Structure formats: C-alpha cells, structure tokens
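Each remark here refers to the structure printed beneath this line.
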C-alpha cells in the first residue's frame, strides 16, 4: 500500500529545512504573536527629561552643520525599540536644533510632519512658501509632499519637537523625498496667510483641497490655550483627561494631519486623572507645569515626574494617569487617526 505523503516520518529539523527551502513559514509557530488577545507594543513607557538632554542637543551644533546634516535632529529612540529609531511602534520623534543665523534648506517628502516649538524666538519654518514664525507651544503642520525649510533670524538657539508618520510611510513602501532646485523656496504667501484664509470658519469661494492635511499650517499656542481656558471657566471637566481638545483641519473637521491625531490637554493643579487607555500609541510633551505620570497598572506600572519640555511615550493599550502638581498643559501626538480610519480604535476608561 502506498504511503500518503503527509504521513511520512521526518524529524522536526528536516521538515523545518524543507519549509524554509520552499520560502514558507509555518503560521502555527507565531500565531499567538500575530493574533494576541490584546495589543502588545514593543515600545515601553519612557520619558526623555529635557533638563538632561538639552545640553546634548545644543552640542550637536558643534558636531555637524545644518548643511551637512540636512536636518540637525537627535532622534528620540524608545529603549524597547533599540536600533529602530522610533519613539513608539508607529511614530518617529526627534529634537531639531537651529542656531542663530542658520538655515535648513528646502526639501519635501511624502511623510507628514509636525513641529512643537520648545524654545527660541524669531525663527520660522516655511511651508509651501508661507513663513510660519514659531513661538513656544505653537503647533506647525507640514503636509505630505510640501516644500519646507527653516531659518533662525534670532539671537538664541531654536529647538522643537518633530513627529512624523515615517514608520507608516516606510511600511507602505510609499517614501519619496526631493530637494528644492534652489537653496531657498520663494515666498508664496505672507506670514499667517493660511490661518487667516482658512481658520475663521470661512474658505475662499472655489476652494479645493490640494494637500493631504490641514491648509492651516500654524496653530498658535495662545489661541489654543484660550479655548482650554474657556472650557475650564465653564467647568467642562473630564475625569480621565481634565480638559482635552483636538487640533482639526477646519475644512473637514477631521485631524489636522490625516495620519497623526494631535491634542492639547489642561490638567489643573491637584488633579489626578482617572486611568485611561486606548489602542493609540502616543507621544506627550509638557508645554507647562509639573507633575507625575503613571503608565501601566500594578507591578508593571512605570511612574516618573515631568516638568516643562519633558517628552514621554505611552505605548498602545497601556493605562495612563496624570497627577498635576502645578497646572499642566500637555501636547499629545498619536496614531489614533489611523486607528479610527481602519476601524480598530478602542478606548477603556477606568
């Protein structure tokens, strides 16, 4: 009687070699890893203490010029993602330095980017030919494939946080970049034009979207904080967030950047927010205040103090709670926008 091929005896090693030689991989060896009962991020909770790293960032000015570096950035690499150059599993973040008189030439890329200004005056980032002068706490949008450049016209260093959706773009195999043919992109609109043109509940007649993000490039901190302050005065508190608002594209009502959700949160002094978690991976920056963050629960919880300009990573599906010693204003960037578009976003309160 002829033996069925599937019943032939073989050693595990012999079979594994046959499988590998056929460019096959047995699903049963990693099924639990790919289909976990709940999310398992590789990133770990981590804080980059600004007081500890600021000097290292400033010393980058003597290590490399803006001309040689293209962009003088120190990447915030999560300890759980060593070698991957990422702050969370899905988001890249770094601190960029522009010294007085320096200029970073115009380029563009398919990855969307945001800037959160940490320090410096009289510095601008020009997006699509519009100069956005940056002040502390301002949020700047760089839509995909938009020309952008940076210049420090002031007398002190300028440092800001960059967050990009590079991991997603690389995963999709959609990464392109290009240098502008000249060193500097010509001015195409006066400073503040995009906010005045699109940010007042109006759009010009005949407006058509031509970028993959908000047509408003600069979201000043003072205007955003005014909204938070108004809600505080009216007692619109949430036990899990304090007061939290989302930056939006005023022409769609959706996120300012389609792949990166951005938020500004006010936690009053003395408040400890109730534990909250979601599937989103999040990068948080303390614009104002001091306090303590707890990420995770029980024996696996990680706690650390925070103060102005500190940055921390909250991995997916980790409980987070904020205890504010002083009134705290926190800026957050996450991949929630992608989760919602894919229909996989979840949150859990309590």
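Below is a table of values for the structure above.
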item	result
Top-ranked residue of the range 34-85 - restricted to ones that are free of Cβ contacts under 8 Å to residues at least 24 places away in the same chain and crowded, with 16+ Cβ neighbours inside 10 Å, ranked as nearest to residue 178 (Cα to Cα)	74
Criterion (at pLDDT 95 or above, outside any helix (DSSP H, G or I) and out of contact with any strand residue (DSSP E or B) (no Cβ under 6 Å at 6 or more places or on another chain)) met by exactly one of 59, 89	89
Any hit, the range 281-296, residues being modelled with pLDDT under 95, more than 18 Å from the chain's Cα centre (by Cα) and over 21 Å from residue 93 (Cα atoms)	no
Within the range 16-55, tally of residues that are over 28 Å from residue 90 (Cβ atoms), more than 30 Å from the chain's Cα centre (by Cα) and assigned to a helix (DSSP H, G or I)	6
Selection count, the range 218-237, where residues are modelled with pLDDT under 95, within 30 Å of residue 121 (Cα to Cα) and part of a loop (DSSP other than H, G, I, E, B)	0
Residue 260 at negative phi and within 18 Å of the chain's Cα centre (by Cα)	yes
Subset tally (residues that are closer than 21 Å to residue 139 by Cα and surrounded by fewer than 20 Cβ atoms within 10 Å (Cβ to Cβ)) for the range 264-287	0
Candidate set: the range 224-251, residues that are closer than 11 Å to residue 214 by Cβ and without any contact (Cβ under 8 Å) to a residue 40 or more places away in the chain; chosen: the one farthest from the chain's Cα centre (by Cα)	249
Long-range neighbours under 7 Å by Cβ, at least six apart or interchain, first residue at pLDDT 95 or above within the range 325-350, second surrounded by 13 or more Cβ atoms within 10 Å (Cβ to Cβ) and part of a helix (DSSP H, G or I)	329/225; 338/168; 345/336; 345/339
Set 240, 200: member being at pLDDT 95 or above, more than 23 Å from residue 169 (Cα to Cα) and not in a strand (DSSP E or B)	240
Subset of the range 174-199 (residues that are in contact (Cβ under 8 Å) with a residue 40 or more places away in the chain and loosely packed, with under 12 Cβ neighbours inside 10 Å)	174, 176, 177, 182, 183, 186, 187, 190
Per-region count, the range 306-350, residues in contact with a strand residue (DSSP E or B) (Cβ under 9 Å, 6 or more places away or on another chain) and either part of a loop (DSSP other than H, G, I, E, B) or surrounded by fewer than 14 Cβ atoms within 10 Å (Cβ to Cβ) (or both)	19
Residue within the range 275-286 that is in a strand (DSSP E or B), without any contact (Cβ under 8 Å) to a residue 60 or more places away in the chain and in contact with a strand residue (DSSP E or B) (Cβ under 8 Å, 6 or more places away or on another chain) present	yes
Within the range 92-126, considering residues that are without any contact (Cβ under 8 Å) to a residue 60 or more places away in the chain and in a loop (DSSP other than H, G, I, E, B), the one surrounded by the fewest Cβ atoms within 10 Å (Cβ to Cβ)	101
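The values are calculated or read from the model by the stated rules, or taken from the named source; none is laboratory data. In this text the structure is predicted, and so the values were computed from the model without any measurement. Reconstructed Cβ throughout: ideal geometry from the backbone, glycine too, with neighbour counts over all protein chains shown.
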